[in-house]
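Here's the structure we're looking at; comments come further down.
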Amino acid sequence: MYDAGYVRLFYDAYGRCEWERLEGSVAGRLKAIVHADFIRRYVGRGDRVLDAGCGPGRFTVTAAELGASVTALDLSEGQLELAKATVAEAGVSNAVEAFVAGDIADLSMFADGRFDVVVCYGGALSYVCERRHAAAAELVRVVRPGGLLLASVMSRLGTMATLVRRPQMYVLEDPVGWHVWQVAKHGDLPGFPTPEMDLEHPAMHMYTSNELRGLLPGCEVVDMAGSNVTTSGESSAPDEILDSPEAWATAVELERTLNRRPGLVDSGTHLIMVARKNTD
Ligand SMILES: C[S@@+](CC[C@H](N)C(=O)[O-])C[C@H]1O[C@@H](n2cnc3c(N)ncnc32)[C@H](O)[C@@H]1O
């Protein structure tokens, strides 16, 4: 069940770990690059952009640097404070219209069609669990007809492909085994322990690409890819390749080459979708 108060508490406490999630490791760095690729492809100068679930502001900055006018929204005041600092450090504060504490399930502070592009990356649409259709309708409502939505959510099959390699998976009393069956049955992953902190990770809904395709009402899907299709589970390249410019360039090229292939889209950690709101 979606628990906004708990998600807020978790991300307030998670703090800078959310920034570091996309730094330092091959998987994290690839995730940042692939997600930024889509913003660079679909956001243009002068666009009014909502970065919904902005976290510490990484992609707020990407859109602002492209000349967009960005509104950054998050449930967590702690993440919004980090986003303000990231934006200031990048020297793009003038391009950010507002930092708003809010929930994607209720965007009533924004008029219909207020934005040209809505970006909702990294799973806010996963955290809202059973309220995902209401949240999707809100995200669509605030985009103008003909405008774009860029969403990324946790991948159900990619997560399962990783978990099924763990031996505990075959012991049903083990938490890993139990969790993977919950995901397999209906995509709902209950809260689970996190190594970095005392709090459990919040519950999430994990999507298949087919399910994600049907999520945004009154929109046409124009692009879709997986994120981290080359780095799921044990197949991930060792982090030492970050020290070798040639090896790292190869890793990035491989991910970009493969992540739209129909057989691989579902195999990564996240799914990225671009959809255009219908004009009629
Ligand atoms: C995994 S982080 C992603 C941050 C950023 N979009 C990125 O991709 O780097 C998820 C963020 O979504 C926020 N979030 C989760 N549920 C939300 C909701 N219902 N409404 C707004 N923000 C939410 C969290 O507070 C957190 O900052």
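The values are calculated or read from the model by the stated rules, or taken from the named source; none is laboratory data. Since the structure is predicted, the reported quantities are computational estimates derived from the model, not experimental observations. Glycine gets a Cβ as well: all are built from the backbone with ideal geometry, and neighbour counts include every protein chain shown.
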I need the full set of residues from the range 91-114 which are outside any loop (DSSP other than H, G, I, E, B) and within 15 Å of the ligand (Cβ to nearest atom), in order please.
V96, A98, F99, V100, A101, D103, D106
Condition met for S25 (of a type in the set (G, A, S), without any contact (Cβ under 8 Å) to a residue 40 or more places away in the chain, touching an Asp or Glu at 6+ places or on another chain (Cβ under 6 Å) and away from the ligand (no atom under 13 Å from the Cβ))
no
Taking interchain pairs and intrachain pairs at least six residues apart, which have beta carbon atoms under 6 angstrom, with the first residue in the range 88-100 and more than 12 Å from T62 (Cα to Cα) and the second surrounded by 13 or more Cβ atoms within 10 Å (Cβ to Cβ) and of a type in the set (G, A, S)?
E97/S69; F99/A72
Among the listed residues A161, A83, A136, A88, identify the single one that is within 13 Å of the ligand (Cβ to nearest atom), over 19 Å from V222 (Cα atoms), assigned to a helix (DSSP H, G or I) and not basic (K, R).
A83
Matching option when the condition is over 25 Å from R29 (Cβ atoms), of a type outside the set (V, I, T) and either in contact with a strand residue (DSSP E or B) (Cβ under 8 Å, 6 or more places away or on another chain) or in a loop (DSSP other than H, G, I, E, B) (or both), among A225, A275:
A275
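Evaluate the following for T194: is it surrounded by 20 or more Cβ atoms within 10 Å (Cβ to Cβ) and either more than 19 Å from the chain's Cα centre (by Cα) or on the phi < 0 side of the Ramachandran plot (or both)?
So T194 fails the test.
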Criterion (at pLDDT below 90 and small (G, A, S)) met by exactly one of A203, A184, A247:
A184
Report yes if some residue within the range 18-39 is surrounded by fewer than 23 Cβ atoms within 10 Å (Cβ to Cβ), over 20 Å from V118 (Cβ atoms) and of a type in the set (F, W, Y); otherwise report no.
yes
Can you tell me which condition A251 does not meet? The list is (1) over 14 Å from K31 (Cα atoms); (2) part of a helix (DSSP H, G or I), and all the others hold.
(1)
Can you name every residue in the range 181-226 that is closer than 16 Å to R132 by Cβ and among the basic types (K, R)?
R213
Which of the residues belonging to the range 30-62 are within 16 Å of A251 (Cα to Cα), in contact with an Asp or Glu (Cβ under 7 Å, 6 or more places away or on another chain) and either among the aromatic types (F, W, Y) or away from the ligand (no atom under 12 Å from the Cβ) (or both)?
L30
